Amino acid sequence: RLDHLVITDQSVRMIRYSLPFKERGALLAVADAKKLPFRKQQFDCLVSSLGDPYNEAYFWSEVSRVLKPHGSVLFTVPAHAWAECFRREIGGASCTKAEFELSDGRHVFLPSYIYPEAVQEAIIKKSGMKIIEMRRVTIGDIRDDVLSSKLCISRGLEGEIVTGYWIRNERI
């Protein structure tokens with residue numbers, strides 16, 4: 001049973017992918033990371049996978065608010081080094097948008113906030129939380145014969161693609 005699991009997304013369409021978890025007891029909620037619809041100190045743990053669309057101070061403030069003291073956050077974001085390479089044509093890693101190609105060939109730009117590690121750490125720390133551990137996923141960590149050129153594979157096997165953080169809420 002998943003009675004203690006809450007899954008959120010700002011998109012109704014995306015939250016539908018989680019319907020199998022609802023059948024096992026999870027709560028599905030359409031929610032904006034800018035204003036999470038949960039009470040103060042409600043959660044022991046929060047997980048955010050590739051959270052660059054909302055990786056701003058307001059998100060971290062909300063995380064600190066809804067997380068219990070000493071609660072944990074597992075957060076991943078595209079690696080800054082990858083963004084620097086992949087987004088070279090649209091402003092490098094300092095660009096705050098990601099380009100996606102839709103199935104009909106159109107291109108759309110969506111929010112994406114990817115910071116150098118020192119800046120990311122400062123944002124997290126300012127919200128009253130502490131990074132316990134940080135890990136990097138590299139091109140060499142992927143076990144596949146065919147790799148997308150979007151990974152900037154010319155950077156070699158040590159090229160970073162995702163950065164993961166284990167964070168603890170230090171606010172009481």
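The values are calculated or read from the model by the stated rules, or taken from the named source; none is laboratory data. Predicted model only: the values in this text are computed from it and were never measured. Every residue, glycine as well, gets a Cβ built from its backbone with ideal geometry; the counts of neighbours run over all protein chains shown. What goes into the accessible areas is simple: the full protein's heavy atoms, side chains included, and nothing from ligands, DNA or RNA. Shrake-Rupley method; radii C 1.70, N 1.55, O 1.52, S 1.80 Å.
Backbone geometry of segment 69-86 corresponds, through the Karplus equation with coefficients 6.51, -1.76 and 1.60 at θ = phi - 60°, to 3J(HN,Hα) couplings of x, 6, x, 10, 10, 10, 10, 10, 8, x, 5, 4, 4, 5, 4, 4, 6, 5 Hz, x marking Gly and Pro. Spin-label model, Ala118/Glu101: points 7 Å from Cα along the beta carbon direction are separated by 3.6 nm. In the chain, the longest principal axis of the Cα atoms and the axis of helix 57-66 are about 30 degrees apart.
Taking a ≥ b ≥ c as the square roots of the eigenvalues of the Cα gyration tensor, segment 74-167 is classed as oblate, since a/c reaches at least 1.5 and a/b does not exceed b/c.
Dividing the convex hull volume of the alpha-carbon atoms in segment 16-70 by its residue count gives 100 Å³ per residue.
Here the calculated FRET efficiency for Leu5 and Val108, from their Cβ-Cβ distance with R0 = 22 Å, stands at 0.15, rounded to the nearest 0.05.
Once the chain from Lys125 to Lys150 is taken as fully extended at 0.36 nm per residue, the excess over their C-alpha distance is 5.9 nm. Note on Glu158 and Arg13: the model spin-label points, each 7 Å out from Cα along the C-beta direction, lie 4.1 nm apart. For the options Arg143, Arg106, Arg135, a Gaussian network treatment of the chain with springs between C-alpha atoms closer than 10 Å singles out Arg106 as fluctuating the most. Accessible surface calculations at 1.4 Å, restricted to protein heavy atoms, place the chain at 64 Å² per residue.
Once backbone amide H atoms are built at 1.01 Å from N, Ala98 has Leu110, Ser112 as its partners under 5 Å, excluding neighbours fewer than 5 places away on the same chain. Nonpolar atom fraction for segment 58-172, defined as the carbon and sulfur part of the 1.4 Å probe accessible area, stands at 55 percent.
Applied to segment 109-116, the Karplus parametrisation 6.51 cos²θ - 1.76 cosθ + 1.60 on θ = phi - 60° returns per-residue 3J(HN,Hα) values of 10, 10, x, 7, 10, 10, 10, x Hz, with x for Gly and Pro.
Projecting the Cα atoms of Val63, Ser148, Ile132 onto the dipole axis of the chain, where Lys and Arg carry +1 and Asp and Glu carry -1 at the beta carbon, places Val63 farthest toward the positive end. Would segment 1-98 count as rounded, prolate or oblate if I go by the C-alpha gyration tensor, calling it rounded below 1.5 in a/c and otherwise prolate when a/b exceeds b/c, oblate otherwise? Prolate is the answer for segment 1-98, as a/c is 1.5 or above and a/b outweighs b/c.
Springs join every pair of Cα atoms under 10 Å in this Gaussian network model of the chain, and among Ile142, Ile153, Ile132 the largest mean-square fluctuation is at Ile142. In a simple Cβ point-charge model (Lys, Arg +1; Asp, Glu -1; nothing else charged), segment 62-153 has a dipole of about 460 debye relative to its Cα centre.
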